[in-house]
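Data first, discussion second: the structure below is written as structure tokens.
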Amino acid sequence: MTDQSVPVDAAAFATLVQPYRRELLVHCYRMLGSMQDAEDALQEALVAAWRGLPEFEGRSSLRTWLYRVTTNRCLNVRRSMLRRREMEWNVPDFLPPEPTKLGEVVWLEPMPTGAAAPGPDQHVEQAETISLTFLTALQHLPRRQVAALLLRDLLGFSAAEVADMLASTEQAVHSALKRARAGMARVGRDLPTHDGDLSADARRAAASFARAYEASDLDGLLALLTDDVFLSMPPMPLEYVGRDLVGQFTQLFFATGRRYRLVGTEANGQPAFGVYVLAPDGNFHATGLFVLAIRGDRVSALTRFESSHLAAFGLPRWLPAGPSARPEP
């Protein structure tokens, strides 16, 4: 074999592939846009890789072999899966304003990063290549274009290696890559832009957002938003663009006198907050997860996910009444 002898014992194989698990999971997530689907696809791919060891024969590195099996598993998933259906507006007594548009990628899910990411390999991904904007754009591309773009541009495999992984030709890979790059540029024009790192200004903007939201300070919150701020809420398809519309939507929740607590975390390399609302029992109960995109010192996008995702970030289902747990800049 090329770099090491691969054992046939399942436990030994699991130990051998452990260093690659995080990067393979991120690869699956980029291809599928859903952590649940990514985890399922990776598990199935690793089982297939172990069973397919006789086909491996050390003709490439183990990492390359694992990417080949994992990529093809994700291609099969994208071809056959029934994407989760969109959710209808389900907040009683609240009528949302007319959306700017209806989103198509309602199956998108957040991914824990930073301190919220599991295991020691939490920094293997670049923030800009796991951002919600990048993930959303990928989901608009045909599946083989996504595979070519990720394997060639992000992971650095050669065109020959990618062709071998996809049972294709180098010419076909180059063609798919060209179309994928053009598609990403085209789709990206309609998506929010953001900075690729969590600078001090970004952290201050996120902390200020949390303070304004907890105080139900609509004017203070709006002052933190860009003019073209983008609000989405998968799996609901409603999307709002612009400070005025986002303000109208947010006012629905501030006008009731509800009290909120925000707990800081990180998702997709972006500031994020578990959102809790004060309940009649005197405790704050989980109501969602906000993921912010920051441009300069302003919030350029706000994505709200269901509270079912909080457990993946190590956040509780409820908080006792008390001081805010938001992070300070």
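Taken together, the values in this text are just the output of simple stated rules run on the coordinates, not laboratory data. A quick note: this is a predicted structure, and the numbers were derived from the prediction, not measured. Methodologically, a virtual Cβ is constructed for each residue, glycine included, from the backbone with ideal geometry; neighbour enumeration extends over all protein chains shown.
Dividing the summed -39500 (n - 2.57) terms of all DSSP H runs of n ≥ 4 by the residue count of the chain sets its mean residue ellipticity at 222 nm at -12500 deg cm²/dmol. Between A11, A38, A137, where does the largest GNM mean-square fluctuation fall for the chain, given springs only between Cα atoms within less than 10 Å? Among A11, A38, A137, the largest mean-square fluctuation in the Gaussian network model of the chain belongs to A11. Remark: the H285-D219 segment gains 21.2 nm on full extension, using 0.36 nm per residue and subtracting the alpha carbon distance. Take 60-67, 105-112 and order them by the average number of nearby Cβ atoms within 10 Å per residue, most first; the result is 105-112, 60-67. Ordering 148-155, 262-269, 178-185 by mean Cβ neighbour count within 10 Å, with the highest value first, yields 262-269, 148-155, 178-185. Considering only A137, H174, F230, the residue lying farthest towards the positive end of the dipole of the chain is H174, judged by Cα position with unit charges set on Cβ. Relative to the dominant Cα principal axis of the chain, helix 243-254 is inclined by about 70°.
Were the residues from R79 through Q18 laid out at 0.36 nm apart, the gain over their Cα-Cα distance would be 19.2 nm. Extension gain, A10-D201: 0.36 nm per intervening residue step, less the Cα-Cα distance, totals 64.0 nm. Starting from the Cα of L102, step 7 Å toward the Cβ, then list every residue of the range 210-252 with an amide N under 17 Å from that point. Once the point is set 7 Å along Cα→Cβ of L102, 232-241 turn out to lie under 17 Å by backbone N, inside the range 210-252. Ranked by the mean number of other Cβ atoms within 10 Å of their residues, highest first, the peptides 277-287, 21-31, 225-235 fall in the order 21-31, 225-235, 277-287. Approximating the spin labels as points 7 Å out from Cα along Cα→Cβ, the A255-to-S61 distance works out to 5.8 nm.
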